[in-house]
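The values are calculated or read from the model by the stated rules, or taken from the named source; none is laboratory data. Computed from a predicted structure; not experimentally measured. A quick note on method: Cβ atoms are made from the backbone with ideal geometry, for glycine too, and the neighbour counts reach across all protein chains shown. Accessible surface is based on the protein model in full, side chains and every heavy atom, while ligands, DNA and RNA are left aside. Shrake-Rupley method; radii C 1.70, N 1.55, O 1.52, S 1.80 Å.
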Amino acid sequence: MGKVLVVTSGKGGVGKTTSTAALGAALARGGENVVVIDFDVGLRNLDLVMGAERRVVFDLINVVQGDAKLAQALIRDKRIDTLSLLPASQTRDKDALTIEGVDKVIAELKEKFDWVICDSPAGIERGALLAMRNADLAVVVTNPEVSSVRDSDRIIGMLDSKTLRAEKGERIDKFLLVTRYDPQRAARNEMLKVDDVLEILSIPLLGIIPESEEVLKASNIGSPVTLNNPNSAPSKAYFDAARRLKGETVEVVVPMDRKGFMGRLFGRRVA
Amino acid sequence: MSLFDIFRKRTTAPVARDRLQVLLAHERSVIGKSDLIAILQEEILAVIAKHISVDRDAVQIKLDRGASFSTLEIDVEVPLNAKVAKPPTGAGVPASA
Ligand SMILES: Nc1ncnc2c1ncn2[C@@H]1O[C@H](COP(=O)(O)OP(=O)(O)OP(=O)(O)O)[C@@H](O)[C@H]1O
Ligand SMILES: [Mg+2]
């Protein structure tokens, strides 16, 4: 039986979709059977980031409404055959997603895949709630700045109260993924420290993803960054995060500025 | 980085532009806004079902949106021992008036 993972944040544009694709591909590369689901109805983007936009025929709503079989809507990745995508609908109304329908689709996916990764829409409304509802674990994507941390705190509260597990009195494992971390600004003390974010949110750290042009390049091409350039700094951080999700103990490396003096000293080891 | 490298380097922005142009052309078109694919599927399957009974799971549908045309592939697995469906009443030979 597979695990359901929600990638969520509250705040928009912090890197949920990027992280869903990168972690999904990293897990799939490690031999796991992975499906990533886009819950952003009306504003789908995971298909673009994964490079599958030309191949979308059916979507989550078609499956929920019984217009298509699950197997027909799943898009198998062309690069890794253990990675699949279930796209969101671009045209339908998001109210077409019903709780029962979503629960049924997720249950079916759990039978087939080791990991069911749900890319949540921004916000704290219905769409975000549906995305987190069936989660066994959650990755809370946070940028090191005040409004993102505040929204993450809000989302953590919802993970603890509005998920199926929470309703049954069970725990849901929550991990913090700090993204768009800028080593130069960190060195100049212009950015919230990861330690401070961790202390405020008090959930375990899954990883620190540096701000990197490799992320933009990968999305231009339509490939998860972990496939497009596996040796880049953000990819290494995502690969480590994926291993931690699998329960391995991997030391967290704080990205450093390669150009700075400290970076030159430690660059080879940490960047 | 030499001037030569700058020209040789494969940049990603043109790839992004091409992908977006194709995608948006489809999303803006009338066809892109309708459920045409779903309707086509239903009708094609209905035609097939008139003659043989096929399992919905044995139908694979693939689409590739291109710059000037798309290809729609419908794969129906028809087993050798497929049951010949009874023509639904009303279909087939029209009743004489
Ligand atoms: N580590 C990074 N370095 C540089 N750019 C990044 C990084 N992570 C994400 N981005 C960029 O930030 C933007 C938003 O990312 P993304 O779409 O993944 O966020 P999101 O949380 O899914 O947004 P939304 O809330 O709208 O769904 C994108 O342009 C993406 O390329
Ligand atoms: Mg997104």
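Before moving on, here are some points about what is shown:
- Residue by residue along A:72-85, Cβ atoms of other protein chains within 10 Å of the local Cβ number 1 on average.
- When the Gaussian network model of chain A links Cα atoms closer than 10 Å, the mean-square fluctuations of A:D103, A:D240, A:D59 top out at A:D103.
- Among beta bridges identified by DSSP and lying wholly in chain A, the antiparallel ones come to about 5 percent.
- Relative contact order of chain A: 24 percent, from C-alpha pairs under 8 Å at least 6 residues apart in sequence.
- The angle separating the long axis of helix A:146-159 from the principal Cα axis of greatest extent in chain A is about 40 degrees.
- Nearest-10 value in Å² for the accessible area of A:R180, using the 1.4 Å probe: 120 Å²
- Peptide A:209-222 has a mean of 2 when you count, residue by residue, the C-beta atoms of other protein chains within 10 Å of its C-beta.
- Peptide packing for A:223-231, A:66-74, B:12-20 was compared via the average number of neighbouring C-beta atoms within 10 Å per residue; ordered from the highest value, the list is A:223-231, A:66-74, B:12-20.
- Per-residue average of Cβ from other chains inside 10 Å of A:47-54: 3
- Figure legend: label point modelled 7 angstrom from the Cα of A:L216 along Cα→Cβ; residues of segment A:130-160 with amide N under 19 Å from it are A:143-144.
- Cβ-derived FRET efficiency at R0 51 Å, A:T249 paired with B:A82, nearest 0.05: 0.40
- Our summary of shape: the Cα atoms of segment A:1-56 have principal axis extents of 30, 29, 18 Å, ordered from largest down, in whole angstrom.
- Rg/Rh for segment A:16-114 stands at 0.94; both radii use Cα atoms, and Rh follows the Kirkwood definition.
- GluC sites (Glu not before Pro) restricted to segment A:120-199 and DSSP loop, no more than 11 other C-beta within 10 Å: A:E125, A:E170, A:E190
- Shape category assigned to segment A:53-163 from the gyration tensor of Cα positions, a/c cut at 1.5: prolate
- Cross-link partners of A:K193 among lysines, defined as those whose alpha carbon lies under 22 angstrom from its own and excluding same-chain residues fewer than eight positions apart: A:K11, A:K16, A:K174, A:K236, A:K259.
- Per residue, the accessible area of the protein assembly as shown comes to 53 Å², computed with a 1.4 Å probe over protein heavy atoms only.
- Distance from segment A:223-253 to segment A:148-222 (C-alpha centre basis), Å: 15 Å
- Taking only the Cα atoms of the protein assembly as shown, the ratio Rg/Rh comes out at 1.04, with Rh defined as the Kirkwood radius.
- The modelled label-to-label distance between B:A58 and B:R10, using points 7 Å beyond Cα along the C-beta direction, is 4.2 nm.
- Cα-based convex hull volume of segment A:121-218 per residue, rounded to whole Å³: 104 Å³
- Here each label is just a point 7 Å from Cα along the line to Cβ, and for B:D18 and A:D103 those points are 4.7 nm apart.
- Rule-of-thumb Rg ratio for segment A:184-234 [Cα; 2.2 N^0.38 Å; N residues]: 1.42
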